[in-house]
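Asks: After the structure tokens below, expect a handful of questions from me.
The values are calculated or read from the model by the stated rules, or taken from the named source; none is laboratory data. Treat the numbers as computed from the prediction; the structure is a model and nothing was measured. Note that each Cβ is placed from the backbone with ideal geometry, even for glycine, and that neighbours are counted across all protein chains shown.
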Amino acid sequence: MRDTENIHQLAAIQPDYMGFIFYEKSKRYVESLDRLKLGNLPASIKKTGVFVDAAIEEIEAKISLYKLEAIQLHGQETPEFCGLLKQAGLEVIKAFGVDNQFDFNLLNRYDEAVDYFLFDTKTDKHGGSGMVFDWNLLQNYTLSKPYFLSGGLDTEHLNELLNIPDQRLYALDLNSRFELEPGLKDIQKLTSFFNAIRIPV
């Protein structure tokens, strides 16, 4: 998210998280945001900074500037690095690109250092590919840590998503397939998806 009007349109349908990508090589890179309007977002929406191998000082600066509440890390960040952010009181989501060669044992070292894992399709661009990976590979995931599912999720996957039996599936990361253009969300499509996926209270 980076367009102020689009941010507030999305806020109206109450996502649990809203992501802002601070990775300069991303076509969704956020150079600057309206801090005042960002501060008016509902408290229920966790403002989430997305980073790739950023220095701790850069992350801390963005946290302070935009009052971020969660951090999503898509690079080669170590467990120690993730742990520092978690100890600072932030919610830490560590992303991993999954393919047939992915070794789920790598996650053991991160178990205490993060709040959630995020499983995305493995690419050389750190996400945002619009491609789906083979969800059957998640049968190799043995930890109890809850996770976000990402990677080309679209309305065509709705029934499959609703029928995933894994109780560790915590959240769905919706991005490229719900865009009008990079960084600009299709609010109508998201509204329809939200209405279909949410459990009535």
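Asks: Any residue at all in the range 124-143 that is more than 15 Å from the chain's Cα centre (by Cα), modelled with pLDDT of 95 or more, hydroxyl-bearing (S, T, Y) and loosely packed, with under 14 Cβ neighbours inside 10 Å?
Replies: yes
Asks: Quick one: in the range 9-27, of everything that is modelled with pLDDT under 95 and under 22 Å from L172 (Cβ atoms), which residue is nearest to the chain's Cα centre (by Cα)?
Replies: Per the criteria, the residue is S26.
Asks: Something else about it: Is it the case that the range 179-188 has a residue that's over 20 Å from I93 (Cβ atoms) and part of a loop (DSSP other than H, G, I, E, B)?
Replies: Checked against the condition, which is being over 20 Å from I93 (Cβ atoms) and part of a loop (DSSP other than H, G, I, E, B), the range 179-188 yields at least one hit.
Asks: So, of the residues in the range 1-19 that are outside any loop (DSSP other than H, G, I, E, B), touching a helix residue (DSSP H, G or I) at 6+ places or on another chain (Cβ under 7 Å) and in contact (Cβ under 8 Å) with a residue 40 or more places away in the chain, which turns out to be surrounded by the most Cβ atoms within 10 Å (Cβ to Cβ)?
Replies: L10
Asks: Let me ask you something else. Run L84 past the list (1) surrounded by fewer than 20 Cβ atoms within 10 Å (Cβ to Cβ); (2) touching a helix residue (DSSP H, G or I) at 6+ places or on another chain (Cβ under 8 Å); (3) closer than 19 Å to L172 by Cβ and report the number of the one that doesn't hold.
Replies: (3)
Asks: If K37 meets every condition in (1) assigned to a helix (DSSP H, G or I); (2) modelled with pLDDT of 95 or more; (3) in contact with a Ser or Thr (Cβ under 6 Å, 6 or more places away or on another chain) apart from one, which number is that one?
Replies: (2)
Asks: Report, by residue number, each residue of the range 1-54 that is farther than 21 Å from S150 by Cα and of a type in the set (D, E).
Replies: Once the filter is applied, which keeps residues that are farther than 21 Å from S150 by Cα and of a type in the set (D, E), the range 1-54 yields D3, E5, E31, D34.
Asks: With the condition kept exactly as written, say whether any residue in the range 180-201 is without any contact (Cβ under 8 Å) to a residue 60 or more places away in the chain and within 23 Å of D53 (Cα to Cα).
Replies: Checked against the condition, which is being without any contact (Cβ under 8 Å) to a residue 60 or more places away in the chain and within 23 Å of D53 (Cα to Cα), the range 180-201 yields no hits at all.
Asks: Among the residues that make up the range 85-94, is at least one of them in a loop (DSSP other than H, G, I, E, B), without any contact (Cβ under 8 Å) to a residue 40 or more places away in the chain and of a type in the set (A, V, I, L, M)?
Replies: Yes - at least one qualifying residue is present in the range 85-94.
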